[in-house]
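This report refers to the structure that appears directly beneath it.
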Amino acid sequence: MATARYEFDELNRLVIHDPLDAAQPRRVVEGRVMVDRRNRLQYRARTKAGTSGRAGESDVTLDGTWLLSPQHELGLLLHPSREHDGQQVFLRGSLADVKANALVVSLAHRSRDGRRTSQRLSLSGRWQADERNRLAFLVAKADGTDDRLVFDGAWTVDRTHRLRYRYEEPQAGRRRRAVRMLEFDGAWDLRPGARLAYRLGATDRSTFEFQAALQSPTLNARDGRVVYQLGIRLSDGRTVRRTATLFGVWKLHRDFALSFEMAYPEGRRRRLMFEGQVGVLSRTRLSVQAVSRQGEPLGFAVTFSRAFLQDARWFVRLQREGEDARLLGGVQVRF
């Protein structure tokens, strides 16, 4: 039995194709796209004035699975119903903003007075990295499951430590594609197992955790940087190589803690704290192995010179601590 098909036109008006309606097989419904608290797509249709002389509104709920096309169009795979079969519908707009718990889309729209405007639609959820080091947004559903939107492209890290995702978007009637950029405001963290994490909020709920490799397990404190190498595997089989360089200031504290302070946009600064295992390299250099607060080795050591620390008496003390640990055949760690 033939069923209706839905689509959205260039102004995101709902278009219903109904083969059973001989008088009006294609009907454009004026209204507005919305998302309810359960992340379901709703269309608030405007109805014509009735006997009371007033126009009204009615909601059409389009329930389904959210998806992202290779062209970065936001769409929905509709669940089959009595009115229609399972089908894909796509909204006309652009990805506008990213937040710690939301993906925001800007949609073309027409106001009641006929002016062409835009509106914003926000999906709630969380951000993660998938097993291929790609960015993904997990749209929260009412039943506790998630719809996964995968951003099948490569991301970069700029000089202010901001993670950025660049993609190209087709433009109607034009050969050239529009270049779009999404910028994520977060903070980096160095984790055991050569994992590089970028946390978007106050918790780990939205955190990109990438599998990476240190360019060198030995870092010089004076250089003030940590360099990771990683690959991003795309759906077409290509692997895009990326270098993520974190710049900052290394400090060795008197309680043997190790810190790395980085600068972020808008003057923000964040300090990563580690435990340290002090070892002696020579009369003028110390090596400090970085250890997480849970006691897990981070896979790199930071070398400090006597001139860099600028405290000769403390430097001698650190040398003695390192020598004592070596003579005992163990490792001295302070928690």
Answer yes or no: is there a residue in the range 102-110 that is within 21 Å of Ala4 (Cβ to Cβ) and assigned to a strand (DSSP E or B).
no
Counting only residues that are in contact with a strand residue (DSSP E or B) (Cβ under 6 Å, 6 or more places away or on another chain) and in a loop (DSSP other than H, G, I, E, B), which one in the range 202-223 is nearest to Leu68 (Cα to Cα)?
Ser206
Go through the range 156-201 residue by residue and tally those that are assigned to a loop (DSSP other than H, G, I, E, B), within 20 Å of Gln229 (Cβ to Cβ) and touching a Leu at 6+ places or on another chain (Cβ under 8 Å).
3
I'd like the full set of residues that are touching a residue at least 24 places away in the same chain (Cβ under 8 Å) and out of contact with any His (no Cβ under 7 Å at 6 or more places or on another chain), limited to the range 113-130.
Arg116, Arg120, Leu121, Ser122, Leu123, Ser124, Gly125, Arg126, Trp127, Gln128, Ala129
Can you pull out the residues in the range 92-101 that are surrounded by 17 or more Cβ atoms within 10 Å (Cβ to Cβ) and hydrophobic (A, V, I, L, M, F, W, C)?
Leu95, Val98, Ala100
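What number of residues within the range 1-42 are among the small types (Gly, Ala, Ser) and in a strand (DSSP E or B)?
In the first step, residues of the range 1-42 are kept if they are among the small types (Gly, Ala, Ser); the result is 2, 4, 22-23, 31.
Cutting the leftovers down to in a strand (DSSP E or B) gives us 4, 31.
Selection size over the range 1-42: 2.
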Count of residues meeting criterion [surrounded by 15 or more Cβ atoms within 10 Å (Cβ to Cβ) and among the polar types (S, T, N, Q)] in the range 216-228:
1
Subset of the range 7-21 (residues that are surrounded by fewer than 18 Cβ atoms within 10 Å (Cβ to Cβ) and in contact (Cβ under 8 Å) with a residue 40 or more places away in the chain)
Glu7, Asp9, Glu10, Leu11
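Readers should treat all values here as calculations from the given coordinates under stated rules, not as data from a laboratory. Computed from a predicted model, the values in this text were never measured in an experiment. Note that each Cβ is placed from the backbone with ideal geometry, even for glycine, and that neighbours are counted across all protein chains shown.
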